[in-house]
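The structure appears below as structure tokens.
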Amino acid sequence: MYRQPREAFEARVHTPVHRIYGQIYLIPGSGTADLLNAEGKLYLPVTGAMLYEAGHKHPPEVDELKASSAFVALQKTHLRWLVGGRPATPRTSKGMLEPKRLALLYGSYLLAGSLEIPKGVRLSDYLSSAKPFQTLHAAGLYLLEPHKPVVELAPYETFEFVTVNLHQAEGVVEAPSGQGQDTRLTLFG
């Protein structure tokens, strides 16, 4: 059993192969990214787990269920992103952070939103040194379509926040600053 009290939250976890629905448990006042970045803990415990093939339809159809289990421990290195829990609170004071709009490429889709990073730090430098799990605010899921420019994609689903694994992203696109760049070529406005 846990040494500290925990709060249960419904969650949807995406891996390259599965979507897992179930309950995760957070320490009061902590966020989902804090749980996933905890050192020495290689697995994410999920109770009441329902396993589906990878996909995006939410909620999934009943006949899509592949397995269920009262408990499953998911290896964190295989997690792509997670919906649920609570957004992590940055350890840096709010005045020292700025939101960066970006899109993360995961296979056949993009997750676009805002990531809070320290002011004056280049996004590439931050991504190289940040813990793997980060909170992406005001996020949208965009399914890539053949022969359709990214600018024409509509969000398939939107979220107040998602917790993303930067180490699982195949690529990162930063929104143009608007200074002489064509911002129409992005998902950001």
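The values are calculated or read from the model by the stated rules, or taken from the named source; none is laboratory data. Since we're looking at a predicted model, the values are computed, not measured. In this analysis, Cβ positions are derived from the backbone assuming ideal geometry, glycine residues included, and neighbour counts consider all displayed protein chains. Side chains included, ligands, DNA and RNA excluded: accessible areas come from the protein's heavy atoms. Shrake-Rupley method; radii C 1.70, N 1.55, O 1.52, S 1.80 Å.
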Looking only at Ala169, Ala54, Ala67, which one moves most when the chain is put into a Gaussian network model with springs between Cα atoms under 10 Å?
Ala67
For region 36-126, which trypsin sites (Lys or Arg not before Pro) are in a loop by DSSP, counting at most 12 other Cβ atoms within 10 Å?
Lys41, Lys57, Arg91, Lys119, Arg122
Which order do the peptides 83-90, 43-50 take when ranked by the mean count of other beta-carbon atoms within 10 Å per residue, highest first?
83-90, 43-50
Using the Cα centre as the reference, give the magnitude of the dipole from point charges on the C-beta atoms of region 8-92 (Lys, Arg: +1; Asp, Glu: -1; all else neutral), rounded to the nearest 20 debye.
260 debye
Residue (of Gly107, His18, His78) at the positive-pole extreme of the chain, dipole from beta-carbon charges:
His78
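Which shape class, rounded, prolate or oblate, goes with region 1-158 when its Cα gyration tensor gives a ≥ b ≥ c as root eigenvalues, a/c under 1.5 marks rounded, and past that a/b bigger than b/c marks prolate?
Working: a/c = 2.08, a/b = 1.07, b/c = 1.94.
It comes out oblate by the Cα gyration axes.
Per residue, how large is the accessible surface of the chain? Use a 1.4 angstrom probe and give square angstrom.
Details: 10620 Å² over 189 residues.
Roughly 56 Å² per residue, with all protein chains present.
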Tally up the carbon and sulfur contribution to the accessible surface of region 24-113 as a whole percent, 1.4 Å probe, everything protein left in place.
60 percent
Can you count the Lys pairs in the chain whose Cα atoms are under 26 Å apart, with each pair 8 or more apart or on different chains?
14
Starting from a Cα-only point model with no solvent, please compute log10 I(q)/I(0) by Debye for region 1-77 at q = 0.14, 0.24, 0.28 1/Å.
-0.47, -1.20, -1.47
Between Glu98 and Ala8, what length comes free when the chain is fully extended (0.36 nm per residue of separation minus the Cα-Cα distance, one decimal in nm)?
29.4 nm
